[in-house]
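First the structure, in the form of structure tokens, and then the observations on it.
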Amino acid sequence: MMNVGSEDEIILFVKLGYDGHSLGACHQSQRVHMLSLLKASAQVMPSPRVVPVNLAKPPKEFTDLDLRLRLPVLHIIPAAEADRPEPLDSSDDIVGALETKYPGGLCACSSQCEAEADQASRDFFSKFCFLVRGVSKETSHLESEFHTLDKFLQDSSGERGEGGFLCGSSPSLLDCEILPKLHQVRVAAQALKGYSIPAHFSSLWRYLYAAYSCSAFTDSCPPDHEIILHWLEHCGTPDAMKQSRKLLSQIGSERHQASYSFSIPAKATPVVIDD
């Protein structure tokens with residue numbers, strides 16, 4: 001039951017997609033968006049008003065905050081005007097502010113589990129970035145990091161229960177950080193490098209299944225084409241730019257329908273998400 005800040009207006013500015021209406025592929029935007037939806041669902045904070053922003057043509061509501069041109073941004077308009085905080089444009093600061101002002105609504109991780117989960121999930125994203133940008137030519141380094149994460153999830157499954165998240169049966173702060181990155185890697189590695197997460201990493205796929213069963217994740221997730229366009233831009237090669245122009249032309253078609261890679265390669269046990 002909500003009893004703190006129930007009359008606050010919470011505005012969350014996130015990245016707008018290339019297509020002009022979808023959520024953009026910014027893992028930090030999804031991180032804070034997912035967190036705010038989890039807290040709102042648990043009724044520890046009001047539901048946020050999410051405003052997707054094109055930084056090339058930001059709306060007046062955004063420019064009036066007089067911040068740097070970066071996303072995400074949190075602006076809380078409290079019921080008590082005297083207590084109005086400054087808007088925040090750092091994802092870490094946003095997470096800290098939401099946790100301080102609206103505590104609860106998440107899985108409470110033990111310090112040991114959180115440290116082990118953080119260690120196991122720390123490096124896969126950097127290995128993916130090296131692969132996409134051509135710094136690394138082989139997928140073996142990325143797959144090694146997936147093996148590390150899969151092994152952690154498998155070894156800790158008894159302690160975590162049936163929910164399938166990093167430290168318990170419901171998402172934690174760390175899940176809000178890791179899952180948006182992991183999903184982008186899943187989509188972009190397949191589209192740009194022809195690499196799929198191996199099906200035998202069953203615990204890792206179960207983790208993704210848990211995410212795809214959680215409305216806070218799916219409601220804050222960008223469609224596949226936005227993820228692909230984002231990483232094509234990061235490649236910066238002539239071939240990538242050619243692919244990007246082709247995809248932009250496709251999504252501009254009236255027949256284009258956004259798709260989301262929320263499938264898994266094998267049958268999974270249903271995941272129970274705690275409210």
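Structure summary
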{"read-out": "Rounded, prolate or oblate (a/c below 1.5 giving rounded, otherwise prolate when a/b exceeds b/c) for region 36-188 by Cα gyration tensor", "value": "oblate"}
{"read-out": "GNM result for the chain, Cα springs below 10 Å: residue of 50, 135, 73 fluctuating most strongly", "value": "135"}
{"read-out": "Quarter of the Cα convex hull surface for region 110-261, i.e. its orientation-mean projected area (nm²)", "value": "9.3 nm²"}
{"read-out": "Per residue, in Å², the accessible surface of the chain once ligands and nucleic acids are set aside, probe 1.4 Å", "value": "49 Å²"}
{"read-out": "Residue-wise HN-Hα coupling along region 115-132, computed from phi with Karplus coefficients 6.51, -1.76, 1.60 (Hz; x: Gly, Pro)", "value": "5, 5, 5, 4, 5, 6, 10, 6, 10, 5, 5, 5, 5, 5, 4, 4, 5, 5"}
{"read-out": "The chain, dipole about Cα centre (Lys/Arg Cβ +1, Asp/Glu Cβ -1), debye to the nearest 20", "value": "1180 debye"}
{"read-out": "Region 1-108: trypsin sites (Lys or Arg not before Pro) falling in loop per DSSP and having at most 12 other Cβ within 10 Å", "value": "68"}
{"read-out": "Dipole of the chain [Lys/Arg +1, Asp/Glu -1 at C-beta], most positive-end residue of 13, 171, 103", "value": "13"}
{"read-out": "Set 57/181; 127/181; 101/181; 181/242 screened for pairs whose C-alpha atoms are more than 20 Å apart", "value": "57/181; 101/181; 181/242"}
{"read-out": "GNM flexibility winner over the chain from 94, 251, 76 (Cα, springs under 10 Å)", "value": "251"}
{"read-out": "Accessible surface of the chain [probe 1.4 Å, protein heavy atoms]: carbon and sulfur percent", "value": "48 percent"}
{"read-out": "Selected from 177, 226, 138 as most flexible by GNM, with the chain as the system and alpha-carbon contacts under 10 Å", "value": "138"}
{"read-out": "Inter-centroid distance (Cα atoms) of region 28-74 relative to region 222-249, Å", "value": "24 Å"}
{"read-out": "Total charge dipole magnitude, region 112-172, about the Cα centre, Cβ charges on Lys, Arg, Asp, Glu only, Debye to nearest 20", "value": "320 debye"}
{"read-out": "Model label zone, residue 242; criterion: amide N under 19 Å from point 7 Å along Cα-to-beta-carbon; scope region 107-151", "value": "133-134"}
{"read-out": "Cα→Cβ-extended label distance, 7 Å offset, between residue 111 and residue 51, nm", "value": "4.0 nm"}
{"read-out": "Using θ = phi - 60° and Karplus 6.51 cos²θ - 1.76 cosθ + 1.60, couplings along region 186-193 (whole Hz; Gly, Pro as x)", "value": "4, 6, 6, 5, 5, 6, 9, 10"}
{"read-out": "Interchain or long-range residues, amide H under 5 Å from residue 16's placed H", "value": "24, 53, 54, 55"}
{"read-out": "Accessible area in the full protein assembly, largest first, 1.4 Å probe, for 7, 114, 99", "value": "7, 114, 99"}
{"read-out": "Prolate/oblate/rounded label for region 46-121 (Cα gyration tensor, a/c 1.5)", "value": "oblate"}
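The values are calculated or read from the model by the stated rules, or taken from the named source; none is laboratory data. On a predicted model such as this, the values are computed, not experimentally measured, just so you know. All Cβ positions, even for glycine, are placed from backbone atoms using ideal geometry, and neighbour counts span all protein chains on display. For accessibility, only protein heavy atoms count, side chains too; no ligands or nucleic acids. Shrake-Rupley method; radii C 1.70, N 1.55, O 1.52, S 1.80 Å.
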